[in-house]
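One structure is given below, encoded as structure tokens.
The values are calculated or read from the model by the stated rules, or taken from the named source; none is laboratory data. Just so it is clear, the structure is predicted and the values come from calculations on it, not from any experiment. All Cβ positions, glycine included, derive from the backbone under ideal geometry; neighbour counts span all protein chains shown. Heads up: the accessible areas ignore ligands, DNA and RNA and are worked out on the full protein's heavy atoms, side chains in. Shrake-Rupley method; radii C 1.70, N 1.55, O 1.52, S 1.80 Å.
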Amino acid sequence: MSQSLLFEKHAQALELVRRAGVDLWLTFVRETSESSDPVLPFLMEGGLTWQSALIFTGSGKQVAIVGNYDADPLVASGLWDEVVTYVQGIKSPLIETLEKLLAGVANPKIAVNFSVNDDKADGLSHGMYLLLEGYLKGTRFEGTMVSAEEIVLGLRCIKSAAEVALIREAISETDILFDLIGKKAAIGVTEMEVFEYVQAEIESRGFGYAWDKDGDPIVNSGPDSMVGHGRPSSTITIAPGHIFHIDLGIRKDDYSSDIQRCWYVPHPGETSLPEDVVRATNAVVGAIQAGYKALKPGIEGWMVDRAAREFLVSAGYEEYQHALGHQVGRMAHDGGALLGPRWERYGRTPFIPIEKGMVFTIELGVLVEGRGYISLEEIAVVTDSGCEWLTTPQVELPLLGN
């Protein structure tokens with residue numbers, strides 16, 4: 001993340017702390033090279049080794065408490081009002097800093113990064129929670145820890161104009177890859193061959209993967225292919241009558257895309273789409289548009305999902321077995337408010353009010369008997385009064401090879 005963007009996110013963090021009604025937000029980490037808090041890249045560049053506390057207060061202070069060998073880059077960044085160092089242990093400087101920052105505050109609330117609803121806001125490991133709890137025990141801060149879910153998700157999910165511009169760039173590069181896929185894919189080519197071709201292009205262009213490399217892109221051709229987050233087959237080949245489907249996301253300059261596109265594989269001499277394919281495509285496109293029209297600030301995500309779900313059912317198709325959309329940002333699945341049904345597995349995420357600056361996928365699909373899965377995925381950013389497409393929505397299936 002660029003330095004200018006980090007300054008933006010720090011300012012946003014201070015406002016979110018004030019809005020959350022807590023006195024202080026504390027991100028507590030150690031040895032971040034392999035297992036780090038997902039929020040850390042929004043707060044600083046690089047990693048930390050010893051136990052470290054990154055603090056934002058409701059009164060506008062930004063303080064980092066780190067081991068002495070971790071301090072210089074934080075000081076040089078200019079992001080922090082104060083960088084406190086230690087050698088033997090963090091407990092004493094931590095308590096002293098809390099006393100200083102919360103002087104005169106009775107019954108303080110200290111927000112830390114745990115959440116039962118969202119993995120992106122659940123960065124504090126159980127061991128680190130117990131460690132922090134032990135440091136606070138016997139002080140006036142014992143029992144003051146509350147969830148920082150609202151702060152973390154706001155910081156991650158409410159995108160600035162600069163972040164939206166980075167997502168647009170990732171989308172633009174993904175569109176180029178889809179054009180290449182349409183030229184590479186042909187009758188007789190296996191799913192695995194397409195998968196390997198796309199990964200070679202991603203890596204030659206210096207991009208990263210928006211989700212696990214082993215499943216990016218998802219490649220499906222025909223009715224025998226794995227639906228969902230499956231692996232491409234080395235025996236299933238693209239064949240006439242198939243729906244050919246790709247779910248692809250890249251990371252460019254730390255921000256991601258996540259888009260699905262489909263083609264129809266024609267039989268020799270077939271120059272137009274079969275009626276069952278046209279009907280299914282229209283249902284999918286119409287349901288996506290219904291969700292898009294419902295997406296606006298203040299509404300809850302389950303209401304957006306309901307609009308798309310009702311359209312699809314009214315068109316004669318079964319409900320999709322997933323949420324309509326998730327947020328996109330540093331990763332394809334970026335946490336926070338979800339455009340999903342009120343199912344137990346989604347916790348409170350479908351009830352989080354939508355806000356301007358959130359970026360969502362809108363995605364769903366239907367199974368066409370004997371042909372495969374038609375699934376499309378678009379990306380939209382929430383505006384003052386509605387939303388705006390960041391992708392150019394696919395509204396019909398091209399004939400593969402034409």
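For this structure, a couple of remarks:
- Every residue from the stretch 98-150 that is open to solvent by less than 70 Å² (accessible area, probe 1.4 Å), among the hydrophobic types (A, V, I, L, M, F, W, C) and closer than 21 Å to residue 32 by Cα: 111, 112, 114, 121, 124, 128, 131, 132, 148
- The requirement of being part of a loop (DSSP other than H, G, I, E, B) and farther than 16 Å from residue 153 by Cβ is fulfilled somewhere in the stretch 343-364, by at least one residue.
- Unique match (being in contact (Cβ under 8 Å) with a residue 60 or more places away in the chain and either under 14 Å from residue 297 (Cα atoms) or open to solvent by 10 Å² or more (accessible area, probe 1.4 Å) (or both)) among 367, 376, 338: 367
- Applying the condition of being among the hydrophobic types (A, V, I, L, M, F, W, C) and touching a Pro at 6+ places or on another chain (Cβ under 7 Å) to the stretch 151-193 and asking which residue is nearest to residue 360 (Cα to Cα) yields 192.
- On inspection, residue 395 fails the criterion of being more than 17 Å from the chain's Cα centre (by Cα), among the β-branched types (Val, Ile, Thr) and over 14 Å from residue 292 (Cα atoms).
- Within the stretch 232-254, tally of residues that are of a type in the set (Val, Ile, Thr), open to solvent by less than 30 Å² (accessible area, probe 1.4 Å) and farther than 14 Å from residue 171 by Cβ: 3
- Selection from the stretch 267-310 of residues that are β-branched (Val, Ile, Thr) and in contact with an Asp or Glu (Cβ under 7 Å, 6 or more places away or on another chain): 281, 288
- Counted residues, the stretch 172-194 - those being in contact with an Asp or Glu (Cβ under 9 Å, 6 or more places away or on another chain), hydrophobic (A, V, I, L, M, F, W, C) and under 10 Å from residue 248 (Cα atoms): 1
- Residue match in the stretch 138-146 (condition: of a type in the set (Lys, Arg) and under 30 Å from residue 241 (Cβ atoms)): no
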